[in-house]
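The values are calculated or read from the model by the stated rules, or taken from the named source; none is laboratory data. In this text, all values refer to a predicted model and were calculated from it rather than measured experimentally. We place every Cβ from the backbone using ideal geometry, glycine too, and count neighbours over all the protein chains shown. For the accessible areas, the whole protein counts, side chains as well, though only heavy atoms, and no ligand, DNA or RNA atoms are used. Shrake-Rupley method; radii C 1.70, N 1.55, O 1.52, S 1.80 Å.
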Amino acid sequence: MYPIKYDPEADALSWKINSLKYDDAREYGDLIVQISYWGFPAYAMILNASTHFNFLKKRRENFLLDGVGV
């Protein structure tokens, strides 16, 4: 199992779905899915994550200090 990572500067959640290398990417609004050569999802990212998950709004405020990640 791969951990979900949150980048407060980019306000993005990302996670590796499996160990396949990705060949293509598909975008569905704020969701980006990178697809392997065989058509399986390999990596995913949610942009503007704090707008989709309320708990990240508070966490993002804790990470930022004068616009610089802590």
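Using a ≥ b ≥ c from the Cα gyration tensor of region 1-53 (square roots of the eigenvalues), is it rounded, prolate or oblate, where a/c under 1.5 gives rounded and otherwise the larger of a/b and b/c decides, a/b for prolate?
oblate
Of the accessible area of region 2-54, with the probe set at 1.4 angstrom, what percent is carbon plus sulfur?
Carbon-and-sulfur percentage of accessible area, whole number: 55.
Ordering 40, 53 from largest to smallest accessible area (1.4 angstrom probe), what's the sequence?
40, 53
For the pair residue 2/residue 32, report the inter-label distance in nm, with labels modelled 7 Å from Cα in the Cβ direction.
Computed distance between label sites residue 2 and residue 32 equals 1.4 nm.
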